[in-house]
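The next block holds one structure in the form of structure tokens; read it before the comments.
Throughout, read-outs are computed from the coordinates displayed, never taken from laboratory work. Since this is a predicted model, take the numbers as computed values, not measurements. Methodologically, a virtual Cβ is constructed for each residue, glycine included, from the backbone with ideal geometry; neighbour enumeration extends over all protein chains shown.
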């Protein structure tokens with residue numbers, strides 16, 4: 001209101017305006033003055049569509065968004081059996097509509113709201129295309145950070161699958177990993193996946209897979225010849241592999257200094273890669289982060305203490321109490337001993353632990369048919385599994401914060417100047433060493449700080 005009052009009272013000639021011009025990318029506000037454009041692109045459209053290796057100008061060839069189902073409540077579920085019942089019901093209702101309206105143009109009022117009608121499903125109806133339940137389409141997927149769900153991964157009931165069938169094709173032997181990152185203009189964050197993932201897995205999600213699969217099922221590297229050559233030539237090392245570059249990329253995208261320096265660029269563009277010194281160290285840290293994040297379900301559980309109160313469990317609470325280092329599950333059970341650093345591992349608006357708590361809360365479904373016939377989720381049925389998951393995600397969070405701290409200790413944002421410890425880290429190192437013997441060999445300092 002104050003601004004409107006000012007504009008009403010002030011004369012136009014008295015208002016001080018600033019002249020601004022757009023940059024070469026047509027950005028008028030929040031213009032970046034970094035060296036982002038000089039770094040190596042992780043991916044671009046030209047390389048994705050390239051017919052020959054000579055046309056490639058990015059590190060990764062293929063990139064893809066996550067699956068958009070447009071009917072999450074129908075095609076996702078924590079249990080495969082419940083999901084199967086929902087899908088069969090959906091298909092039966094579709095087939096009833098097809099028997100009456102197949103091959104015809106019909107409006108939304110005629111179709112009703114018993115099932116979720118989207119543009120593609122209406123197109124199938126107009127083509128009089130039958131829909132048959134396929135149990136093989138039920139896949140284990142990643143719905144949100146550290147949240148696995150069963151998904152009916154089928155083109156008939158998924159609005160958009162993008163290139164995911166090339167990244168994670170059906171088949172037990174078709175293993176892969178993908179670096180997923182947020183592209184919605186909000187906080188930049190990254191998380192690896194080894195299975196099909198939802199579009200909102202990391203905000204609005206794009207992924208960079210390690211491999212891709214041809215239509216014949218052959219696995220090929222998704223690191224381009226151009227990208228491999230850039231790294232081998234820069235580091236004068238022909239032994240560098242695609243897997244090394246993949247791990248290096250994952251480490252760099254976790255580097256706090258990188259995210260801070262290129263924050264504006266990462267809001268608008270795909271990441272680019274600097275060539276840091278000590279390539280093997282970045283590969284090592286990236287590999288450990290990858291193993292932690294894709295293997296979170298098998299991580300060694302953190303020893304959170306389970307405290308039980310007398311009486312009934314009552315309604316699910318699933319609340320984080322950061323000040324107490326506790327997680328309140330319900331009226332009966334609380335987990336205590338959550339270390340402060342566990343909350344520091346954040347993916348967008350929540351910590352990893354808070355993502356777990358949020359996704360396991362009881363909510364009334366928005367879809368009226370689901371609410372009437374399939375509103376069967378109860379936290380109590382999943383409580384023991386959630387406790388186990390929270391302990392494992394806590395362990396993953398603590399170790400991730402440690403590794404990211406290590407990245408932040410010795411980051412190198414000017415490759416030509418060489419690797420330097422941050423001033424804050426040097427001060428902390430001096431503080432740690434001041435109470436010990438007067439002189440400590442450098443090797444011992446590195447060993448104590450985990451930098452061997």
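Once you place label points 7 Å from the Cα toward the Cβ at residue 96 and residue 344, how far apart are they in nm?
So the label points at residue 96 and residue 344 sit 5.6 nm apart.
Pop a pseudo-label 7 angstrom from the Cα along the beta-carbon direction at both residue 232 and residue 315 and give the gap in nm to one decimal.
Each label point lies 7 Å from its Cα, and together they span 6.3 nm.
Can you tell me which of 301-313, 284-296 comes out highest on packing, and rank the rest after it, using the mean Cβ neighbours within 10 Å?
For the peptides 301-313, 284-296, the packing ranking is 284-296, 301-313.
May I ask for the equivalent-ellipsoid semi-axes of region 263-345, computed as the square root of five times each C-alpha gyration tensor eigenvalue and listed largest first in whole Å?
38, 17, 12
Provide Rg and Dmax in Å for region 93-134, with only Cα atoms included in the calculation.
Reported Rg and Dmax, both Å: 9.4, 29.
Could you order the peptides 155-161, 214-220, 381-387 from most to least packed, using the average number of other C-beta atoms within 10 Å per residue?
155-161, 381-387, 214-220
Evaluate E = 1/(1 + (r/R0)^6) for residue 134 and residue 200, where r is the Cβ-Cβ distance and R0 equals 25 Å; express this FRET efficiency to the nearest 0.05.
Plugging the Cβ-Cβ distance into 1/(1 + (r/R0)^6) gives 0.50.
Given 0.36 nm per residue, what is the gain on full extension from residue 88 to residue 113 after removing their alpha carbon distance, in nm?
Taking 0.36 nm per residue and subtracting the Cα distance, the gain is 7.3 nm.
Please give the peptides 162-169, 389-396 ranked by average Cβ packing (other Cβ atoms within 10 Å per residue), highest first, as a rough proxy for protection.
Per-residue Cβ counts within 10 Å, averaged per peptide and sorted highest first, yield 389-396, 162-169.
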